[in-house]
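What follows is a single structure, written as C-alpha cells, with notes after it.
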Amino acid sequence: MSELTTLMEVGGPIAACGGGAAYLRARHPAAYWSTVGLPVSVARILGSYGSVMDSCGLTVQPSRLRVLATRATTRREIRPVPPRRGLMRPTSTGLWLRLRLAPGQEPEDVAAAAERLRHAWGVHSVYVQDVKPGVVELRLVGFDVLSRVRMPRKAGGGFLRIPVALREDATASVRDYRAIPHQLTLGATLSGKSMYLRHLITGLARQPVALVGIDCKRGVELAPFASRLSALATDPEQASELLPALVDLMESRYDLIKARQGIAPSTPDEEITSDVWGLPESERPVPVVLFVDEVAELFLVTTRKDEERRDEMVTQLIRLAQLGRAAGIYLEVCGQRFGAELGKGATMLRSQLSGRVCHRVNDEASAKMALGDIAPEAVGAACAIAPERPGLAVAGDTSGGWTRVRTPYLSLADASAVCQEHAHLVPDVPALTPFRPVVPAEPVERPASLVKPRPVAD
Ligand SMILES: Nc1ncnc2c1ncn2[C@@H]1O[C@H](COP(=O)(O)OP(=O)(O)O)[C@@H](O)[C@H]1O
Ligand SMILES: [Mg+2]
C-alpha cells in the first residue's frame, strides 16, 4: 500500500509536469521555449559540444604545438579540435552562439552541418550567419516562429526602413528603400501580397514620405488608406495620367540636383550631390513611394488604343525604375505574374526591380519570374509554400541569398486607422495634388435626443 502511495506521490507530479509541458509546447511554444526548451538545449550543448562537432565533421587535427603541449602536460589521448565556442546568448525564440572557425574551415562547412546540429541539439532549426572572417554565428531557433508571427521588439526600423515581416531565423526582415529602391512582390491570389503592402504602407505612413497608389482593382486594396495617400489611381486611365506626372516630378528633381551641382565653383566637395540625399535638408524633396497593387490589371488591354496607352505606361514605369532612386522615388510593385505576356518592355521593367519577394504561386514559371535570377533553390522553396499559410514568402536577400519570411497579421481596419491617424503627415507635393484621393468625410454622429419620441396619433 505504502508503495502505491509513494508511486502516486512521485508519479502524480511528474505526470502533471509532463502533461503541462506538452500542453505548453503545443499551445504556447514561446513560453515552452523560455521555461523548458532553453535550459534543456543549453545542457545538451554544454554536455555534448565536442562529440557533436566531431560527429558532424566540424573538427580539425590539432596543431603540432598543441600535440606537444598535451603530451608534455597530460597523459590524455590527442583528440581533434572543434571550433572554439563563444558565449551563448539566449533569446526569446532561440539561442545564439558564436564559433571561431578552426584553421581550414569555412562558414559553408558549418552551414552544411546545420541540419545535423539541429537534430543533435533538439531545436527547431539552425542558421549560420557570417559575422567576420573566422567567426560565424549559429542561430538556433527553438520553435516554428513563422506559425504565429510576432515581430521582435528591436526590429531595426528607421527612416525608409520598414520591418515588414519575420524571417525564419526569428530576426526582422526590413524593407530598406535606400538600399533596395524598387521591389517586386509576386504571388497567387490570396497568398498575402496585399498584406505585405499593408505593412509597408502603415510603416511609411508614420514617416515624412509621400505615398502614391495605383490599384486598378477599383481601389479595393488601397482606397482604405486614402487619408494618408498623396495620390491614388483606381483605373488604368487615371494611372495613365498619374505616371507622366510622376515622371515630370522626377525630372524636376533632377533639374534641382543639376542646379545644385552647377552652382558656384567654390562649393565644397561634400555639398556636390548626385542624388536628393546629398542636397541640404532645407532643399531636399520628400521621398515618394509608388505602390502598384496587381500590376496585370494596370496593363490589361481590350482595344488597340489601350495597347498604346499600356506601352506608354510601361515605358514610364521603366524610366521611374531606372532613374527614380536618385530622385527619391521608389517603386513597390505587386502582381500574380510578371512575364513577357504583360507587354513590350515588361521583362525590362522586371529586371529593374531588384528586390524580390515571392509568395505562394500556382506554377513554377511564376516563381522563376520572381526568383529565377537569385537562386534555383529559392524557386523550389517558393513552390513548396502551403496555401494554409498566407503571408509566407521567399525573399531575396541583399547578400544574394534568400530566406523564408512571413508577415504578421494586420487587419484592414487597423491599417486604415493608422493612416487616418497620420493623415496630417501627407507632405505638400504640388505635382501630385490633382491626384489626391477624396476621403469620404467621417459620418458625423448625431447627438442623441433625450426626449423620447411619442406617436402623434392618440
Ligand atoms: N501573414 C498573414 N497571417 C495571417 N493571415 C494572412 C497573412 N497574410 C495574408 N493573410 C490572409 O490571407 C488572405 C489573403 O491575403 P491578401 O494579402 O489579400 O492576398 P493577395 O493580395 O495576395 O490576394 C486574407 O484574408 C488575409 O487576411
Ligand atoms: Mg491583393
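Only the coordinates and a few stated rules stand behind these numbers; no lab work does. The model shown is predicted, which means the values in this text are computed figures rather than measured ones. Every residue, glycine as well, gets a Cβ built from its backbone with ideal geometry; the counts of neighbours run over all protein chains shown.
Rundown of residues vs (1) part of a strand (DSSP E or B); (2) touching a Ser or Thr at 6+ places or on another chain (Cβ under 6 Å); (3) closer than 27 Å to Pro387 by Cβ, yes/no style:
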residue: Gly104; (1), (2), (3): no, no, no
residue: Ala111; (1), (2), (3): no, no, no
residue: Arg116; (1), (2), (3): no, no, no
residue: Asp130; (1), (2), (3): yes, no, no
residue: Arg148; (1), (2), (3): no, no, yes
residue: Ala188; (1), (2), (3): no, no, yes
residue: Tyr196; (1), (2), (3): no, yes, yes
residue: Pro208; (1), (2), (3): no, no, no
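Please determine, by comparing only the residues of the stretch 169-186 that are part of a strand (DSSP E or B) and touching a helix residue (DSSP H, G or I) at 6+ places or on another chain (Cβ under 8 Å), which one is farthest from ligand 2 (Cβ to nearest atom).
Here the answer is Arg175.
Okay, residues lined up against (1) under 12 Å from Phe143 (Cα atoms); (2) of a type in the set (Lys, Arg):
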position: Arg25; (1), (2): yes, yes
position: His28; (1), (2): yes, no
position: Ala31; (1), (2): yes, no
position: Leu38; (1), (2): yes, no
position: Gly47; (1), (2): no, no
position: Val52; (1), (2): no, no
position: Gln61; (1), (2): no, no
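Of all residues in the stretch 69-102, which are within 30 Å of Arg153 (Cβ to Cβ), of a type outside the set (Gly, Ala, Ser), touching a Gly at 6+ places or on another chain (Cβ under 9 Å) and assigned to a strand (DSSP E or B)?
Answer for the stretch 69-102, where residues must be within 30 Å of Arg153 (Cβ to Cβ), of a type outside the set (Gly, Ala, Ser), touching a Gly at 6+ places or on another chain (Cβ under 9 Å) and assigned to a strand (DSSP E or B): Leu95, Leu97, Arg98, Leu99, Arg100.
Given the structure, is Val60 surrounded by 14 or more Cβ atoms within 10 Å (Cβ to Cβ) and within 33 Å of the chain's Cα centre (by Cα)?
When the stated conditions are applied, Val60 does not pass them.
Of these, Arg337, Arg309, Arg404, Arg389, which one is over 19 Å from Tyr177 (Cα atoms), away from ligand 2 (no atom under 16 Å from the Cβ) and assigned to a loop (DSSP other than H, G, I, E, B)?
The conditions single out Arg389.
So for the stretch 361-379 (the condition being in a helix (DSSP H, G or I) and within 16 Å of ligand 2 (Cβ to nearest atom)), does at least one residue qualify?
Within the stretch 361-379, one or more residues are in a helix (DSSP H, G or I) and within 16 Å of ligand 2 (Cβ to nearest atom).
Look through Arg198, Arg153, Arg139 and report the one residue that is within 16 Å of ligand 1 (Cβ to nearest atom) and under 19 Å from the mean Cα position of the chain (by Cα).
None of the others qualify; the one that does is Arg198.
Scanning for something more than 16 Å from ligand 1 (Cβ to nearest atom) and within 28 Å of Arg206 (Cα to Cα), does the stretch 290-313 turn up at least one residue?
So far as the stretch 290-313 goes, yes, one or more of its residues are more than 16 Å from ligand 1 (Cβ to nearest atom) and within 28 Å of Arg206 (Cα to Cα).
In the stretch 352-379, which residue that is among the small types (Gly, Ala, Ser) and touching a residue at least 12 places away in the same chain (Cβ under 8 Å) is nearest to Val145 (Cα to Cα)?
Of everything passing the filter in the stretch 352-379, Ala378 is nearest to Val145 (Cα to Cα).
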